[in-house]
Amino acid sequence: MHAVGAEHMAKYERAIALMRALPHSDARSLYQLANVHCAYCTGSYRQTGDPELNMQIHFSWFFPFHRAYLYFFERIAARLLGEPGFALPFWGWDVPEGMRMPAEFANSSSPLHDPVRNPAHAPPTVVNLDFARVENNLTDEQQIQQNLRIMYKQMIGNAALPSLFHGQLFRAGQSDRPGPGTVEMTPHNTMHTWTGDLAFHNVEDMGTYYSAGRDPLFYPHHNNVDRQWEAWRDVGAARGYRGHVDFTDPDWLDSSFVFYDEEARLVRITVRDVLDIDKLRYRFDGVGMPWADARPSPTPNVNRGKGSSSLKSVRFPLSLDAAVTVEVRRPRVLRSPREKAVREEVLVVEGIETDGTEMVKFDAYVNAMEYEKVEPSGRELAGSYLCLSHPRMDGTGKATRIETSMRVALNELLEDLGADIDESLIVTLVPRHGKVKIGGLKIVYMMQ
């Protein structure tokens, strides 16, 4: 949005005003559009043939659902404006010139303003892509460089396969949260939390699924998330990354969602319908990928005392109330370049359980006995799990219990740490916010 200009932002502002002015009974109103996101994200739908199982579009179908959602949002906005060529702006928080909330959203007299936001993060505050309810003391330039390195890890280092980028495949009859992809956790969830108001338990509006769509900033935020999907494919094609391609599994391609279009008609759209943005008649212009060359460097002197003899015995499952360090044996050592090109070595954090009542974040470090010395964008910080709260919408005041997993790519990480010949890795899990249980750790080899 830093590049679209005042005239285009004025159009978006007017579109939001028109959506707000529609009666709540109108499927094209901002009220109902926010409710569509709420319904798909809070367990309002059940699986066909198995009403005991929820259907959840996070943790698996994240990218295609939100692309389809924004596609119809944009069509509705264009119809209300009387401008068929209207394009939804995106908030480019992944590039330095976009790493602040756009000023138009901080104007309290504008339809784009939402009073339920974090007042400390109004412009000119620089976004923190590692935010977990605690502010840091970095300078603006330090924060920008940290953000770029985090983006590199989430878009390249940790996103070597479609299942690592998109999340695990979700099939009928299975649990609705098989495992989120890299970008969904960070920076997507991080930016939701950074924008929401910490004075509210669920960090409303943006900080929880049921209310996120009420904030007009939600839509440019998610349009930038959509841009990351294209960027992931583009950087993969440009650099020859074999795994930067989408799933070809029919279960994924034929999965479908229903939305209201600009005529307030209920329509169905499949995942395969949204894979090609040329067919959807839009593209992303004017922003590069500076994070693509921001590969983090190892942190010196953080693995002194490495060795199983210095580690305490750990028994899983466990409640992650304090940092836990575990030696995890690798099934194979000294893999050939050919093997690495075909299979990604992956650390799996199994049996992640939370009660859904609050945002939860924990970090996973590899070969960093002194993990406190590692910055959030440091090479040894292999991955971060971040999940928003999941309050239920049934009036009970309860939350939805979360059971899922996290996967962290290791090929590039082990190369950078000089650990390719190690028979085992030292993994440290560090809680950052919320209560969480961990079922176990293992290393596997994945092809997609």
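Select the helices (runs of 4 or more DSSP H) contained entirely in region 154-222, then report the ones holding at least 3 residues which are over 13 Å from LEU386 (Cβ atoms) and under 15 Å from the mean Cα position of the chain (by Cα). Reasoning before the result, please.
On the way: elements: 162-165, 190-195, 209-212.
Output list reads 162-165.
Within the group ASN189, ASN202, which residue is out of contact with any Ser or Thr (no Cβ under 9 Å at 6 or more places or on another chain), within 19 Å of ARG133 (Cα to Cα) and in contact (Cβ under 8 Å) with a residue 12 or more places away in the chain?
Just a single option satisfies the conditions, and that option is ASN189.
So that you can scan it fast, the table gives a plain yes or no per residue for (1) at pLDDT 95 or above; (2) within 24 Å of ILE150 (Cβ to Cβ); (3) within 19 Å of the chain's Cα centre (by Cα):
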{"site": "ALA382", "(1), (2), (3)": "yes, yes, yes"}
{"site": "TYR385", "(1), (2), (3)": "yes, yes, yes"}
{"site": "GLY395", "(1), (2), (3)": "no, no, no"}
{"site": "LYS398", "(1), (2), (3)": "no, no, no"}
{"site": "ILE402", "(1), (2), (3)": "no, yes, yes"}
{"site": "LEU413", "(1), (2), (3)": "yes, yes, no"}
{"site": "ILE421", "(1), (2), (3)": "no, no, no"}
{"site": "LEU425", "(1), (2), (3)": "yes, yes, no"}
{"site": "GLY440", "(1), (2), (3)": "yes, no, no"}
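Within region 107-117, does at least one residue satisfy the condition of being touching a residue at least 40 places away in the same chain (Cβ under 8 Å), crowded, with 21+ Cβ neighbours inside 10 Å, closer than 29 Å to GLU412 by Cα and in contact with a Leu (Cβ under 8 Å, 6 or more places away or on another chain)?
no
Among the residues of region 319-332, which ones are surrounded by 12 or more Cβ atoms within 10 Å (Cβ to Cβ) and part of a loop (DSSP other than H, G, I, E, B)?
LEU320, ALA323, ARG330
Any idea which residue in region 349-370 is surrounded by the most Cβ atoms within 10 Å (Cβ to Cβ), counting only those that are more than 25 Å from GLN168 (Cβ to Cβ) and touching a Leu at 6+ places or on another chain (Cβ under 8 Å)?
Step by step, filter region 349-370, then rank; the result is ALA368.
Of the residues in region 243-295, how many are of a type in the set (D, E, K, R) and over 24 Å from LEU164 (Cα atoms)?
Here the count works out to 10.
Is at least one residue of region 255-277 among the aromatic types (Phe, Trp, Tyr), under 30 Å from ALA27 (Cβ atoms), in a loop (DSSP other than H, G, I, E, B) and outside the structural domain of ASP420 (by TED's automatic domain parsing)?
No, there is no match, as no residue in region 255-277 is among the aromatic types (Phe, Trp, Tyr), under 30 Å from ALA27 (Cβ atoms), in a loop (DSSP other than H, G, I, E, B) and outside the structural domain of ASP420 (by TED's automatic domain parsing).
Going by the structure shown, is TYR371 closer than 30 Å to GLY196 by Cβ, over 23 Å from the mean Cα position of the chain (by Cα) and in the same structural domain as ARG330 (by TED's automatic domain parsing)?
Numbers: closer than 30 Å to GLY196 by Cβ: yes; over 23 Å from the mean Cα position of the chain (by Cα): yes; in the same structural domain as ARG330 (by TED's automatic domain parsing): yes.
Judged against the criteria, TYR371 is a match.
Among the residues of region 144-151, is there at least one that is over 17 Å from the mean Cα position of the chain (by Cα) and either in a loop (DSSP other than H, G, I, E, B) or in the same structural domain as THR404 (by TED's automatic domain parsing) (or both)?
no
Can you tell me which residues in region 208-244 are surrounded by fewer than 21 Cβ atoms within 10 Å (Cβ to Cβ), more than 29 Å from ARG14 (Cβ to Cβ), touching a helix residue (DSSP H, G or I) at 6+ places or on another chain (Cβ under 7 Å) and at pLDDT 95 or above?
VAL235
Could you list, in sequence order, all residues of region 43-67 that are buried (at least 22 other Cβ atoms within 10 Å of the Cβ) and within 23 Å of THR396 (Cβ to Cβ)?
Those that are buried (at least 22 other Cβ atoms within 10 Å of the Cβ) and within 23 Å of THR396 (Cβ to Cβ): GLN56, ILE57, HIS58, PHE59.
The values are calculated or read from the model by the stated rules, or taken from the named source; none is laboratory data. A quick note: this is a predicted structure, and the numbers were derived from the prediction, not measured. Glycine also receives a Cβ, built like all others from the backbone with ideal geometry; neighbour counts cover every protein chain displayed.
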